[in-house]
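See structure below.
The values are calculated or read from the model by the stated rules, or taken from the named source; none is laboratory data. Note that the structure is a prediction, hence the values are computed from the model and not measured. Note: ideal-geometry Cβ built from the backbone for every residue, glycine included; neighbour counts use all protein chains shown. Remember, those area values only see protein heavy atoms, side chains included, never the ligands or the DNA or RNA. Shrake-Rupley method; radii C 1.70, N 1.55, O 1.52, S 1.80 Å.
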Amino acid sequence: MFPTKNNNFHKKIRTIKDYIFLIVVGALTFIAILPLFHIIVSIVIKGLPVIMEKGATFIFGTLSEGGIGPAIVGTLMLTFLATLIGLPLAFLAGVYIYEFSNSFIGRTTKMLLQIMLEFPTILVGTFVMGLLVVPMGTFSALAGALALAIILTPYVAVYTEEAMSEIPKIYKEGGYALGCTRAQVIFKIITKMAKKGILTGILIGMAKVSGETAPLLFTAGGLYEVYPTNPLQPIGAIPLLIYTLVQSPSPEDHKMAWGAALVMLIIFLAIFIPIRYALKDDIKL
């Protein structure tokens, strides 16, 4: 009898400990995500009345008309150009450090990419300013996109390498056993199996650059009275416009900044949540 009572006592103690552990983890998780929800709720509460008041003019109008249309187009254009420039190089860099992970160049490249993840983005802006803006004599969408592409590169490259490294070696060895070349093994077998992780890295990189402000201060210039059409001319962006508006002492400009922040949040969620949800299930070969 006594051993049975003792076992029941220890079982109750373990159950209580499990409940305490779950409560503590849940509370800490709630505390961790609380700032994110606070930011989202604040943006919605302060930005929605601005959009409702101005209506379609706020979305499609120029800055002098009380709208942010050129900034919206500029953000989408810069993100597209940055992805177009940086994605191929980043992907190939990730493939290289995966395939030659034990080489000096491979280890050095991976180390530099990991450093670039935490590199101050404002320094990237000053670098591109000296590289393109000063020689061209003007701000431009091309300069802004190049700066953003440099910022995007380490995210995509590191995620690509990590995703490919998670694929069991047996698949790589099986490809060679079937007579596949190195390129076929990497691009038709390993890359396809690591597709989920690679696309996740691309999304994170795009999310990062779409909200960047610091590098655009030295490269984009800002254009809010006409819609951008030429990549060699100055261009505006929502984050850059928000930064400009909050520097103004005018309460009206501050209201526009909240509205622009809500538009940027909506664009981000509308693009990335469906894609991220589509990647929820593992890719089937």
Scan of segment 161-203 for residues that are small (Gly, Ala, Ser) and closer than 29 Å to residue 151 by Cα, ordered by number: 163, 165, 183, 194, 197, 201
Residue check: is residue 134 open to solvent by less than 50 Å² (accessible area, probe 1.4 Å), among the β-branched types (Val, Ile, Thr) and modelled with pLDDT of 90 or more? no
When you look at residue 24, is it more than 16 Å from residue 257 (Cβ to Cβ) and under 30 Å from the mean Cα position of the chain (by Cα), yes or no? no
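Give the residue, chosen from 17, 11, 46, 54, that is under 28 Å from residue 253 (Cβ atoms) and open to solvent by 90 Å² or more (accessible area, probe 1.4 Å).
Numbers: 17 fails: under 28 Å from residue 253 (Cβ atoms); 11 fails: under 28 Å from residue 253 (Cβ atoms); 54 fails: open to solvent by 90 Å² or more (accessible area, probe 1.4 Å).
Just one listed residue meets the conditions, 46.
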Just give me the residues in segment 234-258 being in a loop (DSSP other than H, G, I, E, B), open to solvent by 30 Å² or more (accessible area, probe 1.4 Å) and free of Cβ contacts under 8 Å to residues at least 24 places away in the same chain, in sequence order. 247, 249, 250
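Is segment 85-102 home to any residue that is charged (D, E, K, R) and either open to solvent by 100 Å² or more (accessible area, probe 1.4 Å) or on the phi > 0 side of the Ramachandran plot (or both)? Before you say what the answer is, go through the steps one by one.
Initially, segment 85-102 is screened for residues charged (D, E, K, R), giving 99.
Filter again for either open to solvent by 100 Å² or more (accessible area, probe 1.4 Å) or on the phi > 0 side of the Ramachandran plot (or both), leaving none.
Taking every residue of segment 85-102 in turn, none turns out to be charged (D, E, K, R) and either open to solvent by 100 Å² or more (accessible area, probe 1.4 Å) or on the phi > 0 side of the Ramachandran plot (or both).
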Does segment 263-280 contain at least one residue that is buried (at least 20 other Cβ atoms within 10 Å of the Cβ), closer than 27 Å to residue 139 by Cα and either in contact (Cβ under 8 Å) with a residue 12 or more places away in the chain or touching a Cys at 6+ places or on another chain (Cβ under 7 Å) (or both)? yes
Restricting segment 173-199 to residues that are surrounded by 19 or more Cβ atoms within 10 Å (Cβ to Cβ) and not aliphatic (A, V, I, L, M), the one nearest to residue 77 (Cα to Cα) turns out to be 197
First in segment 176-188 and over 13 Å from residue 164 (Cβ atoms), second anywhere and in a helix (DSSP H, G or I) and of a type in the set (A, V, I, L, M), Cβ under 9 Å, 6 or more apart: 176/185; 180/189
